[in-house]
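To start, the structure under review is shown below, and the notes come after it.
The values are calculated or read from the model by the stated rules, or taken from the named source; none is laboratory data. Here the structure is a predicted model, which means the values were calculated and not measured. Don't worry about glycine lacking a Cβ; one is built from the backbone with ideal geometry, like all the others, and counts go over all protein chains shown.
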Amino acid sequence: MTLLSIENLKTHFFTKAGVVKSVDGVSFDLDRGEILGIVGESGSGKSVTGFSIMGLVDAPGRIAEGSIRFDGQNLVDLPEPQMRDLRGRRIAMIFQDPMMTLNPVLRVDTQMIEALRAHGRWSDDDARQRCRDVLGQVGIPSPEERLKSYPHQFSGGMRQRVAIAIALLHQPDLIIADEPTTALDVTIQAQILFEIQKLVAENNTAMIWVTHDLAVVAGLANRVAVMYAGRIVEMGTTDEVVNRPAHPYTAGLIGSAPSRNARGTRLTQIRGMAPLPMNLPTGCAFQPRCDHATGACAVSPDASTLEGDHLVRCHHPLVGAFDRGTAA
Amino acid sequence: MTVFIIRRLLQSVLVVAVMTLLVFAGVYAIGNPVEILISQDATEAERAAAIARLGLDKSLPEQYLAFLGNLVKGDLGTSFVFGEPALQLVLQRFPATMELAICAMMMSIFIGVPLGLYAGLRPESIAGRTIMTGSIFGFSLPNFWQGLMLIMLFAVILQWLPAGGRGVRGEFLGIESSFFSWDGISHLILPAINLALFKTSLVIRLTRASVRETINLDYVKFARAKGLRPRRVIGLHVLKNIMIPLVTIIGLEFGSVIAFAVVTETVFAWPGMGKLIIDSIFQLDRPVIVAYLIVIVCLFITINLVVDILYAILDPRVRLADQKA
């Protein structure tokens, strides 16, 4: 059952220097309980997509076009009071840097209880009980004591657990996680990934996991969307995208990640740099960095479907080519 | 905490000692007060008697040691000019200056913080820009000129408020103050505004800058993502964080308002300490100068102590015991 349906979303920033098209025509659906990974480099528009769903795009940015239907409601023209009612209660968000997401001058209980009370009446006892329960769920030992602590008394991993606990307080239908494990140690990262997966499955919560790390997404998401310069260039099941990438950019991303299987060989690089969103190349935005580019690429490619739901936005999709490439 | 306060107080004693030494040497270097105090045609005998009476016949170290001896007994000496105890002279004027300073600081906080918040939250709006432009006038126009213009407008042309003086003081719970009578308040308004204008501009600019910095931080976005009302996000999450730099500056400025209200007190003929210290410096009335400075130093030390304690209350990451200063 579709929970979230985004149609041709365009979030643009109208700066003095010009219009920055951070998100430029993104469409995808998300079912209840499904985890979608959005992968891309910095500036590809993946975080802005998340903030657009939350209705937290700050001026000079705004949603210029498109619709975001969440459980039947179009969030794009939802008035702020209703949007605020959804935020935190039905759609929650987890941020990248756990050192920065909790307010340093407020105690953890203050920050948790205010999140509860933003969406209904809670007595002190009930609120504390709920906070203790959720902190316990995310694996924080002795929650009672921890509630009275300040954020600086926690380690990075523990702070991220607190932030996750806050996101889970109202058992939301959708959690948007903006690179929540990037700033953590690998061991902590693995623990948190495991626990999030468990919690999401228990509550049938849908999740959008924004990251630049394909490896994280490979073990977590049901489906993956790869973003480049404000657009989804490839989307499909995790297996399809990771093992049979059709877009040269996706293939490049996978090729440039070190793996155990290719010991001793040089990592392939994607040449050049991600284009500045202010001045994108005409046609396919990836064309200047692409080895397969031809004259046809001067025209922006439309999205085409390969087998199943595997979607790619390329004139020369690498059907099966990547498999042969690694085998050779 | 207790250790911190005790250490602070010990340091203050040292500061006061060093300060008195400097003032003693400084005033001695400027000139001989006897030249000013005694008429030109006094005889040599009268002159010698006056010098002996003021204790100026001894060498400077001897004078200083005598002063320190009296200081321990709580005696700061007798004014050369008025013949009254110096400390008493200063403390008589103290309430008037405090009234003015407290009033001015309150104005700058209760006007400056809200305006700064607004300008920080809506930097591109017309009101936000107007506030910022206005604040430039606030601290670039000379203080005395602002005072004269206030007198011109409100006292001379509109005749709403008195031009100077302190007015009749009211009494409440045994405390005598201008705050407790209408006449007192009406005399207080203009000098307080004059003194507050600069501070308000400073508070506006500092608040705005802190808001601009804080508003984009993740914890503010996270607070919004929790579905909190804007009032709570701004009123608690943002405000509590920007209070940290604000408290420091307001504390320092409060001290400087008390110590350097001279110009305003002169323009509005306000009988405060500023007027007294200027007169005393002209007459090289060393005991009054020293007494005044001791009072001011003690005040600064108290304010800084209060700021440090407020700091620890506002920011849980600060531990007073760990601080060296």
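For region A:107-133, which positions are surrounded by fewer than 23 Cβ atoms within 10 Å (Cβ to Cβ), in contact (Cβ under 8 Å) with a residue 24 or more places away in the chain and more than 7 Å from chain B (Cβ to nearest Cβ)?
A:Arg107, A:Asp109, A:Leu116, A:Arg130
Within 25 Å of B:Gly167 (Cα to Cα), of a type outside the set (D, E, K, R) and not in a helix (DSSP H, G or I): is that true of B:Phe94 in this structure?
Numbers: within 25 Å of B:Gly167 (Cα to Cα): yes; of a type outside the set (D, E, K, R): yes; not in a helix (DSSP H, G or I): no.
Answer is no for this residue.
Which one of these is farther than 21 Å from A:Val299 by Cα, in contact (Cβ under 8 Å) with a residue 40 or more places away in the chain and of a type in the set (Gly, Ala, Ser): A:Gly252, A:Gly264, A:Gly236, A:Gly230? Give the steps one after another, and end with the answer.
Details: A:Gly252 fails: in contact (Cβ under 8 Å) with a residue 40 or more places away in the chain; A:Gly264 fails: in contact (Cβ under 8 Å) with a residue 40 or more places away in the chain; A:Gly230 fails: farther than 21 Å from A:Val299 by Cα.
Being farther than 21 Å from A:Val299 by Cα, in contact (Cβ under 8 Å) with a residue 40 or more places away in the chain and of a type in the set (Gly, Ala, Ser) holds for just one of A:Gly252, A:Gly264, A:Gly236, A:Gly230, which is A:Gly236.
Taking into account only those residues within region B:222-255 that are farther than 23 Å from B:Ile313 by Cβ and among the small types (Gly, Ala, Ser), which is surrounded by the most Cβ atoms within 10 Å (Cβ to Cβ)?
Per the stated criteria, the residue is B:Ala225.
Exactly one of (1) more than 13 Å from every other protein chain (Cβ to nearest Cβ); (2) over 15 Å from the mean Cα position of the chain (by Cα); (3) not polar (S, T, N, Q) is unmet by B:Glu265. Its number?
Among (1) more than 13 Å from every other protein chain (Cβ to nearest Cβ); (2) over 15 Å from the mean Cα position of the chain (by Cα); (3) not polar (S, T, N, Q), B:Glu265 violates only (2).
Any idea which residue in region B:159-193 is modelled with the highest pLDDT, counting only those that are over 25 Å from B:Phe254 (Cβ atoms) and in a helix (DSSP H, G or I)?
The selected residue is B:Asp183.
Being at pLDDT 90 or above and either basic (Lys, Arg) or assigned by the TED database to the domain that holds A:Phe14 (or both): is that true of A:Arg128 here? Give the steps one after another, and end with the answer.
Details: at pLDDT 90 or above: yes; either basic (Lys, Arg) or assigned by the TED database to the domain that holds A:Phe14 (or both): yes.
Yes.
Can you tell me which residue in region B:210-232 is nearest to the other protein chains (Cβ to nearest Cβ), limited to those that are part of a helix (DSSP H, G or I) and farther than 14 Å from A:Glu114 by Cα? Step through it out loud before you land on a result.
In the first step, residues of region B:210-232 are kept if they are part of a helix (DSSP H, G or I); the result is B:210-215, B:218-225, B:230-232.
Those left that are additionally farther than 14 Å from A:Glu114 by Cα: B:210-215, B:218, B:221.
Working: B:Ser210: 13, B:Val211: 14, B:Arg212: 12, B:Glu213: 13, B:Thr214: 10, B:Ile215: 9, B:Asp218: 4, B:Lys221: 6 Å.
If we take residues in region B:210-232 being part of a helix (DSSP H, G or I) and farther than 14 Å from A:Glu114 by Cα, then B:Asp218 is nearest to the other protein chains (Cβ to nearest Cβ).
Of the conditions (1) surrounded by 11 or more Cβ atoms within 10 Å (Cβ to Cβ); (2) modelled with pLDDT of 75 or more, A:Glu307 clears all except one; give me its number.
Of everything listed in (1) surrounded by 11 or more Cβ atoms within 10 Å (Cβ to Cβ); (2) modelled with pLDDT of 75 or more, A:Glu307 misses just condition (1).
Testing A:Glu41 on (1) within 23 Å of A:Ala118 (Cβ to Cβ); (2) out of contact with any strand residue (DSSP E or B) (no Cβ under 7 Å at 6 or more places or on another chain); (3) in the same structural domain as A:Leu253 (by the TED database), one condition comes back false. Which one is that?
(1)
Out of everything in region A:86-101 that is surrounded by 24 or more Cβ atoms within 10 Å (Cβ to Cβ) and more than 17 Å from A:Ala206 (Cα to Cα), what residue ends up being nearest to the other protein chains (Cβ to nearest Cβ)?
That would be A:Thr101.
From the list A:Ala293, A:Ala285, which one is among the hydrophobic types (A, V, I, L, M, F, W, C), touching a strand residue (DSSP E or B) at 6+ places or on another chain (Cβ under 9 Å) and part of a loop (DSSP other than H, G, I, E, B)? Before you say what the answer is, go through the steps one by one.
On the way: A:Ala293 fails: touching a strand residue (DSSP E or B) at 6+ places or on another chain (Cβ under 9 Å).
Just one listed residue meets the conditions, A:Ala285.
Pick from A:Ala167, A:Ala225: which is in contact with a strand residue (DSSP E or B) (Cβ under 6 Å, 6 or more places away or on another chain) and more than 27 Å from A:Gly308 (Cα to Cα)? If you could, list the steps in order and put the result at the bottom.
Values: A:Ala225 fails: more than 27 Å from A:Gly308 (Cα to Cα).
Among A:Ala167, A:Ala225, only A:Ala167 is in contact with a strand residue (DSSP E or B) (Cβ under 6 Å, 6 or more places away or on another chain) and more than 27 Å from A:Gly308 (Cα to Cα).
Return the residues of region A:35-74 that are more than 14 Å from chain B (Cβ to nearest Cβ), in contact (Cβ under 8 Å) with a residue 60 or more places away in the chain and outside any strand (DSSP E or B); say none if nothing qualifies.
A:Gly40, A:Glu41, A:Ser42, A:Gly43, A:Ser44, A:Gly45, A:Lys46, A:Thr49, A:Asp71
So, in region A:137-157, exactly how many residues are in a helix (DSSP H, G or I) and closer than 17 Å to A:Thr110 by Cα? Quick ask: steps written out before the conclusion?
Let us first name the residues in region A:137-157 that are in a helix (DSSP H, G or I), namely A:137, A:143-147, A:151-153, A:156-157.
This time we only want the ones that are closer than 17 Å to A:Thr110 by Cα, so: A:143-147, A:151-153.
The qualifying residues number 8.
If you take the residues of region A:137-150 that are surrounded by fewer than 19 Cβ atoms within 10 Å (Cβ to Cβ) and under 25 Å from the mean Cα position of the chain (by Cα), which of them is farthest from the other protein chains (Cβ to nearest Cβ)?
Result: A:Gly139.
B:Gln146 passes all but one of (1) farther than 30 Å from A:Ile113 by Cβ; (2) of a type outside the set (A, V, I, L, M, F, W, C); (3) not in a helix (DSSP H, G or I); which number fails?
(3)
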